[in-house]
Amino acid sequence: MKTNWEHASGAREIAKPQLEKMIASAFPEQKLLLAERTGTGLSSGTYKIRLEHADIPYLLRISAGHADVALMERAITERIDANIPVARYLHLDTSGSIFPQPWAILEWKEGVLLRDLLQSSDNQIIADAATAVGTVLARIHQYEFASHGFLAPDLHIAHTLEMGADGFLSFITDSLKTEQAVQWLDKAEQKALWDFCLLHALLLSDTVETPILVHSDFNGLNVLMRQDSNGIQVAAVLDWEFAFSGSRYVDIGNMLRYEEEQSLYEQHFIEAYRQAGGQLDEQWRLLSRLQELIALLDMLSHSTASMPVRIADLQQLIARTISL
């Protein structure tokens, strides 16, 4: 699950004096005591911070996107936090006056990443985690929009997207023309990929879907788990910067990216998703693979030669996706 992937954004360490300025602007009566870089967030910088007059820690997060993306993320969490476990925003600065990138302070959520929990050899833990995650994803997908597209800061559709066969094949065509695709997929691999897409693309137009809220990076690195008297639960769904209005199969494919067909995790995840009201087409696996190819090719197109681990993983995932 993105094991040892190189960071794409090159998020740098922030010096303590800079962090102190940020805290002072957000909480004038507080003083920064401790800031620890967390291990989460491939595209953003995150710090666990402790303040002088606070008993609990907070999360300071540097956004990798521009101001509109940061505002959209906050708007999403405010809209869904009554129904979905998310970290509440306590402060957001998109002005660029204190720090060049948008940054926020959020409540700290205790828990363990789903990625790490799934390393367990206990089948019951894996099944319970899958059930919790599938249930939460179905609740996320209850939020609907008028059309497919990218979201504005106020969550209206800023730019519509063609989610059918034509839009899909256009994206695949453009991706296969990029320097990265030419460099890291040989001609036989490119042909196999194109043939697979051409064979199945019409399914995207034949499947009628209501546009719904898509997290678009819904995987074990962005889902925090906890265990209490009620069992294993989702503590928070993190990092909504890539969210948009689209197809549920984007999130299904992302979550099951590294899973074998009919794995214990997949079975319980899909069963819980359906029981919680999530609607799936009979060909949900194929629809998820098609959406996955968009994500995988997009990541490959934004990879550089300094990311050999990431590139090798993407090559294997693309080959696996079109051969299943």
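The values are calculated or read from the model by the stated rules, or taken from the named source; none is laboratory data. The structure presented is a predicted model; accordingly, all values stated were derived computationally and were not measured. Cβ placement follows ideal geometry from the backbone for every residue including glycine, while neighbour counts extend to all protein chains displayed.
Can you name the residue in the stretch 107-131 that is touching a Leu at 6+ places or on another chain (Cβ under 9 Å) and in a helix (DSSP H, G or I) and is also farthest from LEU51 (Cα to Cα) among such residues? Steps first, answer last, please.
As a first pass, look at the stretch 107-131 and keep what is touching a Leu at 6+ places or on another chain (Cβ under 9 Å): 107-115, 123, 125-127, 129-130.
Cutting the leftovers down to in a helix (DSSP H, G or I) gives us 114-115, 123, 125-127, 129-130.
Working: LEU114: 28, ARG115: 29, ASN123: 40, ILE125: 35, ILE126: 36, ALA127: 38, ALA129: 33, ALA130: 35 Å.
Here the answer is ASN123.
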query = Does LEU314 satisfy being buried (at least 21 other Cβ atoms within 10 Å of the Cβ) and under 16 Å from LEU169 (Cβ atoms)?
reply = no
message = For the condition crowded, with 20+ Cβ neighbours inside 10 Å, charged (D, E, K, R) and out of contact with any Cys (no Cβ under 9 Å at 6 or more places or on another chain), what is the one hit in ASP186, ASP239, ASP206, ASP195?
response = ASP239
ask   = Out of curiosity, is ASP81 free of Cβ contacts under 8 Å to residues at least 12 places away in the same chain and either in the same structural domain as GLN227 (by TED's automatic domain parsing) or of a type outside the set (Phe, Trp, Tyr) (or both)?
value = yes
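In this structure, does GLN180 turn out to be modelled with pLDDT under 95 and surrounded by fewer than 22 Cβ atoms within 10 Å (Cβ to Cβ)?
Numbers: modelled with pLDDT under 95: yes; surrounded by fewer than 22 Cβ atoms within 10 Å (Cβ to Cβ): yes.
So GLN180 passes the test.
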query = Can you name the residue in the stretch 40-59 that is among the β-branched types (Val, Ile, Thr) and closer than 24 Å to GLY220 by Cβ and, of all such residues, is modelled with the highest pLDDT?
reply = THR46
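Here are some residues: ALA75, ALA104, ALA70, ALA64. Which one is within 21 Å of ALA24 (Cα to Cα) and either at pLDDT below 95 or assigned to a helix (DSSP H, G or I) (or both)? Walk me through how you get there before you give the answer.
On the way: ALA75 fails: within 21 Å of ALA24 (Cα to Cα); ALA104 fails: either at pLDDT below 95 or assigned to a helix (DSSP H, G or I) (or both); ALA64 fails: within 21 Å of ALA24 (Cα to Cα).
Only one candidate qualifies: ALA70.
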ask   = Is it the case that the stretch 114-122 has a residue that's touching a residue at least 24 places away in the same chain (Cβ under 8 Å) and closer than 21 Å to GLN279 by Cβ?
value = no
key: Complete set of residues in the stretch 158-172 that are touching a residue at least 60 places away in the same chain (Cβ under 8 Å) and either at positive phi or part of a helix (DSSP H, G or I) (or both)   = PHE168, PHE171, ILE172
key: Residue in the stretch 222-232 that is crowded, with 20+ Cβ neighbours inside 10 Å and under 29 Å from LEU161 (Cα atoms) present   = yes
key: Sole residue being more than 16 Å from TRP108 (Cβ to Cβ), buried (at least 21 other Cβ atoms within 10 Å of the Cβ) and not aromatic (Phe, Trp, Tyr), chosen from ALA82, ALA70, ALA75, ALA87   = ALA70
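If you go through the stretch 79-93, how many residues are acidic (Asp, Glu) and over 18 Å from the mean Cα position of the chain (by Cα)?
The first filter runs over the stretch 79-93 and keeps only residues acidic (Asp, Glu), leaving 81, 93.
Still in the list and also over 18 Å from the mean Cα position of the chain (by Cα): 93.
Count: 1.
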